[in-house]
Amino acid sequence: MNIVHIVGRSKNGKTELIINLVREMKRRGIKVGTLKHSGHAHDLDKPGKDSYRHREAGAEPAAIATTDQMAAYLPRAPEENPFDRLAPLFDNCDIILVEGYSHGPGKNIEVWRSASEAEPVFREREDILAVVTDDPLTTDLPVWPRQDVKLLVDRIMEIR
């Protein structure tokens with residue numbers, strides 16, 4: 001699998017960047033999948049709903065299907081790589097963009113904004129390949145302009 005993680009601290013624009021990247025990739029005919037990783041344990045389902053009750057009773061997987069969408073709830077151990085079981089869902093993808101999960105398999109690109117007033121992650125980690133920002137930044141890493149989504153897609157497809 002070709003996995004690229006879009007990492008960075010909170011409020012640096014990871015979600016918005018991924019949305020823009022997905023739109024440009026789809027425009028080019030690139031088959032792209034995404035995974036949003038949350039570092040916090042919380043319920044994805046709504047307590048009291050039938051699907052929640054099925055899962056709470058012990059169903060594995062517990063799934064729900066509507067006329068236009070499907071979801072499956074699978075338990076996950078904290079140390080488990082989610083792609084071990086989700087891989088078949090991404091079989092037809094040219095690339096998978098992951099929001100967060102920087103310690104997972106794949107390559108890491110950081111998105112950073114000076115307005116967040118947080119230090120860039122790359123200063124603490126050696127596995128960041130490039131930084132996406134429109135703000136002045138001193139680093140030996142490649143710095144890619146945030147507003148040039150077409151160029152970003154080119155660069156991401158080169159490193160994958």
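Nothing in this text is a laboratory measurement; each read-out follows from the coordinates by a stated rule. None of the values given here were measured: they were computed from a predicted structure. With ideal geometry, Cβ positions are generated from the backbone for all residues, glycine too; neighbour counts draw on all protein chains shown.
Details
- Some residue of region 63-78 being within 16 Å of the chain's Cα centre (by Cα), aliphatic (A, V, I, L, M), within 28 Å of M25 (Cα to Cα) and surrounded by 13 or more Cβ atoms within 10 Å (Cβ to Cβ): no
- Subset of region 109-130 [of a type outside the set (S, T, Y) and in a helix (DSSP H, G or I)]: A115, V121, F122, R123
- Members of region 60-86 found to be part of a strand (DSSP E or B) and of a type in the set (G, A, S), listed by number: A62, A63, A65, A71, A72
- Of residues in region 109-129 being over 15 Å from G13 (Cα atoms) and touching a helix residue (DSSP H, G or I) at 6+ places or on another chain (Cβ under 8 Å), the one surrounded by the most Cβ atoms within 10 Å (Cβ to Cβ): I128
- Matching residues, region 87-108, being outside any loop (DSSP other than H, G, I, E, B) and touching a Gly at 6+ places or on another chain (Cβ under 9 Å): L89, F90, I95, I96, L97, V98
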